[in-house]
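Single-structure report; data block below.
The values are calculated or read from the model by the stated rules, or taken from the named source; none is laboratory data. Model, not experiment: these values are computed from the prediction. All Cβ positions, even for glycine, are placed from backbone atoms using ideal geometry, and neighbour counts span all protein chains on display. The protein model used for the area step is the full one, side chains on, heavy atoms only, and it has no ligands, DNA or RNA in it. Shrake-Rupley method; radii C 1.70, N 1.55, O 1.52, S 1.80 Å.
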Amino acid sequence: MAHKKKGQVLCQLSELEDLSSKSFSVKIKRKKTDIFVIRKDDQVYAYQNVCPHAQAPLEWNPDEFLDAEKENIICALHGAIFSIEGGGCLGGPCEGIGLTAVPVEVQEGEIVVIS
Ligand code: FES
């Protein structure tokens, strides 16, 4: 018997390479919300796709949320930098305001939003 998932399934963990990111549209508290997920060292992190500086979407290109070194999340509009782990502001015009985390976990090889 299949194990019942506890949240919204986004994709297989294996679909995300290490240090890659992918955007999704999910429902959080019944509201359509654009989010993105990053895989790093077999951990997954997810945030709402909204920069706290000017409320813009963050990505450079579809599914591209990381800087060239793949060390941090960077906003394409004015270059605010955020940590992959935690989404905290590391520099730029975000003025100390970080990204809004979305709780995700890996369940049986699938990335699932557990909100
Ligand atoms: S909107 Fe992201 S840095 Fe300005």
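Return, ordered by residue number, the residues of the range 60-85 whose backbone nitrogen is under 11 Å from a label point located 7 Å along Cα→Cβ of residue 11. The answer is 63-64, whose backbone nitrogens lie closer than 11 Å to the label point. Within the range 37-83, the proportion of Cα pairs with more than 17 Å between them is 26 percent. Placing pseudo-labels 7 Å out from each Cα toward the beta carbon at residue 81 and residue 114 gives an inter-label distance of 3.1 nm. Put a dot 7 Å past the Cα of residue 20, heading toward its Cβ, do the same for residue 100, and the two dots end up 2.8 nm apart. Label-to-label distance for residue 90 and residue 31 is 2.8 nm, based on points extended 7 Å past Cα in the beta-carbon direction. For the chain, the fraction of 1.4 Å probe accessible surface lying on carbon and sulfur atoms is 49 percent. Roughly how many Å² is the accessible area per residue of the range 8-113, as a whole number, for a 1.4 Å probe? Here the per-residue accessible area is 54 Å².
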